[in-house]
1. Quick check: the distance between the Cα centres of the stretch 66-98 and the stretch 191-226, to the nearest angstrom?
2. Return the whole-Å distance between the Cα centroid of the stretch 161-175 and the Cα centroid of the stretch 255-334.
3. For the stretch 222-266, what does the alpha-carbon gyration tensor say about shape, rounded, prolate or oblate, given a ≥ b ≥ c as the root eigenvalues, a/c under 1.5 as rounded, and a/b over b/c as prolate?
4. Tabulate in residue order the Karplus-calculated ³J(HN,Hα) for the stretch 12-26, using 6.51 cos²θ - 1.76 cosθ + 1.60 with θ = phi - 60°, rounded to whole Hz; enter x for Gly and Pro.
5. Given a cut-off of 30 Å, name the pairs among LYS55/LYS84; LYS52/LYS192; LYS8/LYS255; LYS2/LYS192; LYS8/LYS104; LYS239/LYS297 whose C-alpha atoms lie farther apart than that in the structure shown.
6. Have a look at LEU93, HIS118, LEU105 and report the one farthest towards the positive end of the charge dipole of the stretch 81-126, computed about the Cα centre with Cβ charges (Lys/Arg +1, Asp/Glu -1).
7. Are there any trypsin sites (Lys or Arg not before Pro) in the stretch 276-329 that are in a DSSP loop and have at most 15 other Cβ atoms within 10 Å? List them by number.
8. For the stretch 80-131, evaluate the Debye formula with one uniform point scatterer on each Cα (no solvent term) and list log10 I(q)/I(0) at q = 0.25, 0.31 Å⁻¹, rounded to two decimals.
Amino acid sequence: MKAIAPGKLILSGEHAVVHGQPAIAMAVDRYATASVKQHARSLVSFDLLNIKYHKDHSISALRALKNQLLENYEAFQKGEKGIKDVLKLPMELTQFAVTNFLDKLNHKLTSGMQIKTHSEIPIGCGLGSSAATILASIHAMANHLNIELSEESYLNHGLEAENLQHGRSSGIDLRVSYHGGCLQYHNGTVDKLQPPKFPIYLVNTGSPKSNTGECVSHVKQVISEELLTEFAKVTTAFKQGLLENDIANVQQAIKNNHQLLVKIGVVPEAIQSFISMLEQQGCAAKLCGAGAVHGDKGGALMIVSEQDPTAFCETKSYHCELIHCDTDGLRIAS
Ligand code: PMV
């Protein structure tokens, strides 16, 4: 049983979405897959190919890990731990998602399971690799165990896992990976939008030193009602430009969104300089996702431009590629 889930790009409104403002995101043609089959022994084995993790666990060992992670998260919520001290190792996110899923459904594993995951979505770069991997794992398990889940169930299971990493997740990554396509997300409500007709280019500026949870915690300290209103305005302007396929207005909204991201301190200086150079070439660009509060890498950067910016990016040692919308979302691979 193999499930597949797309990554995503937040086109407008990241961070503000955590504080109840609208955001627009698009599922992209980069995928995470998870497959599940029966284990010969009554163990759960993890084959997490991207992080080269291969190990068998008893369900009781996994449950002990899950309880430890929940304790860490509670300490984070009380201000006794930083978000980086909740999940300590990269395999723990998938292990938590799997165990929590089995426990929440009160599923008594009568035989073991082998879970294998792989992601072509760069990890920790704002492209939704965690959400896609969590959803693909849950979908593959649910199908393997013949359990039907509602959309809300997928999202609630996913959110409980993602919160351990984001601190408090808005849920936008999970929603867009689940549905596919392009959507506006606002306080739990999803409105489907036409995918952009203009080309979107992607530059991966590299894996940020800080993770999403650290950025979200930082933004909580600096965000104001005034800034949130500004974020909401750029997202409304972006949506208008998208609906009218008006590239000039889309570009202006992206530039304004970039300035707001600079104001909340999630755009490294090196990336700000690169974006200024792109703007001089007639492009509009912004970081997508959490960005970074340390170091000079910011993860995914989107560019909207009438001219192909690939050659210019290469002169600045950045690889640039066109990215397309995935319209199908979470599914079983044929
Ligand atoms: O994890 P990332 O880099 O895709 O960021 C998620 C987007 C945020 O708005 C920063 C957080 C959230 O939960 O919406």
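1. 23 Å
2. Cα centroid to Cα centroid, the span is 22 Å.
3. In terms of gyration-tensor shape, oblate.
4. 7, x, 4, 6, 4, 5, 5, 9, x, 9, x, 9, 10, 9, 10
5. LYS52/LYS192
6. Of the options given, the answer is LEU105.
7. Counting only loop positions with at most 15 other Cβ atoms within 10 Å, the trypsin sites (Lys or Arg not before Pro) in the stretch 276-329 are LYS316.
8. Result of the Debye calculation: -1.11, -1.25.
The values are calculated or read from the model by the stated rules, or taken from the named source; none is laboratory data. Bear in mind that the values here come from a model prediction, so they are computed numbers and not experimental data. Using ideal geometry, Cβ is built from the backbone for each residue, glycine included, and neighbour counts are taken over all protein chains shown. Side chains are part of the model used for accessible areas, which takes the heavy atoms of the whole protein and leaves out ligands, DNA and RNA. Shrake-Rupley method; radii C 1.70, N 1.55, O 1.52, S 1.80 Å.
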